[in-house]
Each structure stands twice: as structure tokens, then as C-alpha cells.
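Q: First the structure, which I've put down as C-alpha cells, then a few questions once you've had a look.
The values are calculated or read from the model by the stated rules, or taken from the named source; none is laboratory data. Since this is a predicted model, take the numbers as computed values, not measurements. Here the Cβ positions follow ideal geometry from the backbone for every residue, glycine too, while neighbour counts run over all protein chains shown.
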Amino acid sequence: MCCGLQESLPDWSGIWDACVRRTHAWRVPPRWSPRDWWEEIDAEGIAAACQAIRLFNPSRGPSLSCFVYHQILAAALARYREEWNYALRYRLSSADPALASRSDDDVATDPEGGRLRRLVTGLSQADRRLIERLFWEGSTEAEVAGCLEISQQAVNKRKRKILLTLRRPLKIADGP
């Protein structure tokens, strides 16, 4: 390229390699083959990079390289969390295969489904509401964090603590 334009462009291969190294260190979610999972994450990363380039605003401060890198990781992490949340919900609902195809009302009247409901109702109101929003209403941790005016990391930490509390009596092994 001429006129020094190449120096102003980011090192795309360096950004991509750094993102790939980071995301490929994560555990592959259940029910995915490693090859299919990495293809999925790569596709998410490419889409996020394209969107980041479109949305980039140099007046906001970070360099284009930094912005693209963080957007790729954010998209990959969101997809990763989505898969693990699905896996956890699936594992809870399939603890008894007969319960997996039932509605919430049927599960509440079933002795084993009722056990999970009793455990959830035994939580504090704040913890119960957090679990309901994340698992029954399908809100993301970031959405819940925005409503509660706390960080997404704080929501994740509370969720993990609550799930450990619920898993012990149900004798479900720890997840991711």
C-alpha cells in the first residue's frame, strides 16, 4: 500500500490469533464436538469483527485494534455463556427424562419437579427472582445486571452460588 496507509491499519492476523488462543482455551460446551464448536466461535468472531469495524468511532478513545479485539471476545463469550446456560437448564430439566417434556405446571405438581420448586421457593426473594429471570424468563446476565444496577460479574457470582445451593440436595454434579 502507498502513502503509509498500511501503518494505520491494525494487525488483523495478530488480533485474530490472540482471540483464537483465548477462546480455544475454554471448555467445549456439552453436546458440541470440538471442531463444530470452534467453527461456531470463529463465525461469531468474524461477524463481531465486521460489526466492530462498522461501529468504530475513533473519537471514543480506544484504537481500532483494541476495539475489534474486545468486540470479538465479547461476542464469543456471550455465545459461550448462552450454550452453557442452555446446558445447565437442559441438565436440570432432564434430571428425570419424564419431566423434560412437561410444562411448568406439570413439573410443579410432580413429586420430583415439586422438589426443585420447593428448593427454589426456599431461596430468598432476591435470589429466587434472579434465578427466575435467568432461567425461566431467559434474560441474560447483563440484562439482569442492568436492572439491579450491579456488574454482570456480580450476577454471575450470585447465580453460581445459588446453583450450588440448589445442586447439593438434588445431587447434581457441578457444571462449568
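Q: Please list, ordered by first then second residue, the pairs with beta carbon atoms under 7 Å, 6 or more apart or interchain, first in segment 60-77 and under 13 Å from Gly14 (Cα atoms), second of a type in the set (D, E, K, R).
A: Qualifying pairs under 7 Å: Ser65/Asp11.
Q: Now a separate question. Cβ-Cβ under 6 Å, sequence separation 6+ or interchain: first residue in segment 38-58 and in contact (Cβ under 8 Å) with a residue 12 or more places away in the chain and closer than 11 Å to Leu73 by Cβ, partner polar (S, T, N, Q) and part of a helix (DSSP H, G or I). Which pairs?
A: Ile41/Thr23; Ala48/Gln71; Ala52/Gln71
Q: Can you pull out the helices (runs of 4 or more DSSP H) entirely within segment 34-149 that have at least 1 residues that are modelled with pLDDT under 80 and not acidic (Asp, Glu)?
A: Numbers: elements: 34-55, 64-93, 97-100, 104-109, 111-121, 125-131, 141-148.
By residue number, 64-93, 97-100, 104-109, 111-121.
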